[in-house]
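A.B. asks: There's a structure below that I have some questions on.
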Amino acid sequence: ANVNQVVQWAHVTGDALEGLLRLMGSVYVPMLVSNESWPETVKKDFSAQLHKFMANLTDVTNQAKGATVLYIPNENMESLEKAVKDKAMVQRLETTVIHW
């Protein structure tokens, strides 16, 4: 294996916070949230902290532009009945609303 196969890298131009927000939202958050190999307790704690970080990053990035943008976690809510029973997801969404 060569370096390009084992190392993820990106080039950020312009505003660093906007670049980080875009990269996190489009690459890392979907990849990390969909990871099924972690124990459930690790995934729950990590997801909660990740969404908290994304909410803060969204705030800081947009406040610098004088805009208010609310972060909404990308959660799998195909079935409302299943979503209501997923206490960890409900807690993440409640935490996001409190942050707002």
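The values are calculated or read from the model by the stated rules, or taken from the named source; none is laboratory data. Only a predicted model underlies this, so the values are computations on that prediction, with no experimental measurement involved. Positions of Cβ are generated from backbone atoms using ideal geometry, with glycine treated the same way; all protein chains shown enter the neighbour counts. The accessibility values were calculated without ligands, DNA or RNA, using every heavy atom of the protein model including side chains. Shrake-Rupley method; radii C 1.70, N 1.55, O 1.52, S 1.80 Å.
A.B. asks: Using all alpha carbons of the range 36-82, what is the percent of pairwise distances in each 10 Å bin, ordered from the shortest bin to the longest?
C.D. replies: Taking every Cα pair in the range 36-82, the percentages come to 23, 36, 29, 11, 0.
A.B. asks: In addition: Could you count how many Lys pairs in the chain have their Cα atoms under 16 Å apart, skipping same-chain pairs fewer than 8 positions apart?
C.D. replies: So the count of such lysine pairs works out to 5.
A.B. asks: Could you compute the net charge surrounding GLN49? Neighbours are other residues with a C-beta less than 12 Å from the C-beta of GLN49; K and R count +1, D and E count -1.
C.D. replies: Counting the neighbours of GLN49, the net charge comes to +3.
A.B. asks: Over what distance in Å are the Cα centres of the range 4-29 and the range 33-61 separated?
C.D. replies: Between the Cα centres of the range 4-29 and the range 33-61 lies a distance of 17 Å.
A.B. asks: Could I ask something else about it? In square angstrom, rounded to the nearest 10, how much accessible surface does LEU50 have for a 1.4 Å probe?
C.D. replies: We get 10 Å² for LEU50.
A.B. asks: Here is a further query. In square angstrom, what is the accessible area per residue of the chain with a 1.4 angstrom probe?
C.D. replies: Accessible area per residue, the chain: 75 Å².
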